[in-house]
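Single-structure report; data block below.
The values are calculated or read from the model by the stated rules, or taken from the named source; none is laboratory data. Everything quoted here is computed from the prediction, not taken from an experiment. All Cβ positions, even for glycine, are placed from backbone atoms using ideal geometry, and neighbour counts span all protein chains on display. For the accessible areas, the whole protein counts, side chains as well, though only heavy atoms, and no ligand, DNA or RNA atoms are used. Shrake-Rupley method; radii C 1.70, N 1.55, O 1.52, S 1.80 Å.
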Amino acid sequence: MNPVSDTVLERLERLHSSIVRVIRGKTEIVDSLIAALLARGHVLLEDIPGVGKTTLAQALARSLDLDFHRIQFTSDTLPSDIIGISVYRQDREDFEFLPGPLFSNVVLADEINRAAPRTQSALLEAMSEHAVTVEKTRYRLEEPFFVIATQNPVESTGTYPLPESQLDRFLMRLSMGYPGREEELELLRTGGAEPELERLQPVVDSREVIEMQDLVAEVHVSETLLGYLIEVVEATRVHEALALGVSTRGCLAWQRSAQALALVRGRAFVLPDDLQETAESVLAHRLLHADPLVGDGWERSRSERAVIRAVLESIPVPR
């Protein structure tokens, strides 16, 4: 088991320090976002309006020397608006594909639940396959490809909640919450996060990101922790409050997320704390309640997270 090199540690420190210049008091959320990037996953930021979801995504994007596009979803956003279109060039007597904003390394899908299901599906297909198909021609998306989607769970008018099969495409679902008192006071003194956000410069390039992504699979997970992981997942599959527990894809996602978080924390091996810390954000949105009366938004999210916490508390943590 080789230790994490000083070069990788220095890259991770640069990236983390850049983001926390803007997003203060949310170290765990920043670490989770970086871990999702390294794990080649995608993130759904779910929280009330005005707590910094978009700012967090932009802080990450500005810290990376990568192509970045923000897509503001509305009810009339079409799949072609994000994927691109083929136009006929009369001088060539042929069609030319004009790529849309989805052809970027980092895509901020703002208020994804305002888009119609057809447009949501177009985005989520690209997230799953890192490719899109336009008129029988398949186009690969450039690596790294990282989607950060946001949604406000307290709104219902003009929104289309993501179904379970599409939520499953997100590696993590994160919630920022309100800032602490001192952090909010500092924001009042400095006039908000925008001035600092404008000053951010890229600190990590695409080659460095891909190299760190390749290292995630090398982070060691002991047999004991693999057994613990399986025990937790199996417990969700027989839980009385659930119609469906965590799938095999969710199981693999949890392992990969814990490996990536361990790397972010400077370790080449996973600790029980890495699994504990990533469990809610990786597993909760992959559950299906047995009770049809459980609603959407905050009510559903809190219930899902409560189930995962209860399962974790019922199973001894290996030491």
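For this structure, a couple of remarks:
- Checked against (1) free of Cβ contacts under 8 Å to residues at least 40 places away in the same chain; (2) over 20 Å from the mean Cα position of the chain (by Cα); (3) under 29 Å from Ser18 (Cα atoms), Arg267 passes all but condition (1).
- Taking residues in segment 299-319 that are touching a residue at least 12 places away in the same chain (Cβ under 8 Å), and partners anywhere that are of a type in the set (Asp, Glu), the pairs with Cβ atoms closer than 6 Å and at least 6 places apart or on different chains are Arg305/Glu280; Ile308/Glu280; Ile315/Glu231.
- Filtering segment 123-136 to residues that are more than 17 Å from the chain's Cα centre (by Cα) and either under 15 Å from Asp76 (Cβ atoms) or of a type in the set (S, T, N, Q) (or both) leaves only Thr133.
- Per the conditions (1) within 17 Å of Asp214 (Cβ to Cβ); (2) without any contact (Cβ under 8 Å) to a residue 60 or more places away in the chain; (3) touching a His at 6+ places or on another chain (Cβ under 9 Å), the sole criterion not satisfied by Ile34 is (2).
- Residue match in segment 5-20 (condition: surrounded by 22 or more Cβ atoms within 10 Å (Cβ to Cβ), of a type outside the set (D, E, K, R), under 23 Å from His285 (Cα atoms) and free of Cβ contacts under 8 Å to residues at least 60 places away in the same chain): no
- Asp31 under 25 Å from Glu194 (Cβ atoms) and of a type in the set (Asp, Glu): yes
- The sole residue among Ile82, Ile48, Ile29 that is open to solvent by less than 10 Å² (accessible area, probe 1.4 Å) and β-branched (Val, Ile, Thr) is Ile82.
- Residue in segment 177-192 that is modelled with pLDDT of 90 or more and within 18 Å of the chain's Cα centre (by Cα) present: no
- Ile85 within 30 Å of Ser18 (Cβ to Cβ) and out of contact with any His (no Cβ under 6 Å at 6 or more places or on another chain): no
- All helices (runs of 4 or more DSSP H) inside segment 220-309 with 3 or more residues being over 18 Å from Leu174 (Cβ atoms) and open to solvent by 40 Å² or more (accessible area, probe 1.4 Å): 223-237, 248-264
- Any hit, segment 71-79, residues being open to solvent by 80 Å² or more (accessible area, probe 1.4 Å) and of a type in the set (Phe, Trp, Tyr): no
- Taking segment 34-59 as the range and being over 17 Å from Ala193 (Cα atoms) and in a helix (DSSP H, G or I) as the test, the residues that pass are Ile34, Ala35, Ala36, Leu37, Leu38.
- Test: Arg319 is more than 30 Å from Pro49 (Cα to Cα), open to solvent by 10 Å² or more (accessible area, probe 1.4 Å) and not in a loop (DSSP other than H, G, I, E, B): no
- Whichever residue in segment 50-107 is over 23 Å from the mean Cα position of the chain (by Cα) and acidic (Asp, Glu) and, among such residues, is nearest to Glu135 (Cα to Cα): Glu96
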